[in-house]
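Values in this text are rule-based calculations from the coordinates and carry no lab data. Computed from a predicted structure; not experimentally measured. Cβ coordinates were reconstructed from backbone atoms using ideal geometry, including for glycine residues, and neighbour counts include every protein chain displayed.
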Amino acid sequence: MNTENHPRELASGRFLRLVAHNGWEWVERVNASGAAVIAAVTHDEKLVLVEQFRIPMQCSVVDLPAGLVGDDPGTEGESWIDAAKRELFEETGYVADEWHAATTGPASPGLSTEVYTLFVARGAHKTGPGGGDEREEIDVFTVALSDLDVWLDHKRANGVMIDPKIFLGRYFLGK
């Protein structure tokens with residue numbers, strides 16, 4: 001077999017495989033269908049956000065609730081919307097009345113094959129503790145959409161990174 005025409009595996013793990021081909025190196029998402037990202041807004045127009053320390057970044061990051069689809073044993077066929085609902089509740093303790101998929105696209109097309117779907121969830125209300133699973137330490141915030149820029153600027157000034165998908169979520173919320 002001519003290996004020049006096929007990607008070469010450099011390393012692999014539980015959810016990622018590093019490959020190279022024609023001078024490119026990238027990461028393939030394995031053992032999950034992709035990621036669900038949720039822009040959840042409460043009845044009083046507050047955006048639900050999460051903050052957690054992200055080991056690859058070596059700092060805290062504020063972002064929208066999100067997680068892998070079909071990543072746990074027995075959930076291989078999980079639907080994207082079910083994963084989104086599961087992740088919103090698991091990470092934040094919120095559920096929402098209305099859901100729709102706003103867009104689907106690559107997370108970082110020059111680096112990874114991962115694709116995510118951004119869901120808009122309206123009428124979010126707290127019904128559980130949130131905070132993530134036993135592997136996560138997640139702080140949950142609800143921020144008035146009208147105050148979002150100032151709140152994010154304050155976080156940024158204190159050394160917290162801001163995930164740009166927050167602004168994509170705001171766009172699809174029409175705010």
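Numbers at a glance
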| item | result |
| --- | --- |
| Structure-derived P(r) over Cα pairs in 10 Å bins from 0, in percent: which label, when the choices are (1) 9, 34, 33, 18, 4, 1, 0; (2) 10, 41, 39, 9, 0; (3) 10, 34, 35, 15, 5, 1, 0 | (3) |
| Cleavage-rule hits (GluC sites (Glu not before Pro)) in segment 84-160: DSSP loop, at most 11 neighbouring Cβ within 10 angstrom | GLU134, GLU137 |
| Bridge type composition, the chain - antiparallel percent by DSSP, nearest 5 | 75 |
| MRE, 222 nm, helices only [DSSP H, n ≥ 4, -39500 (n - 2.57), over the chain, to nearest 500] | -5500 deg cm²/dmol |
| Local electrostatic count at LEU152 - Lys and Arg +1, Asp and Glu -1, tallied over other residues with Cβ under 13 Å | -2 |
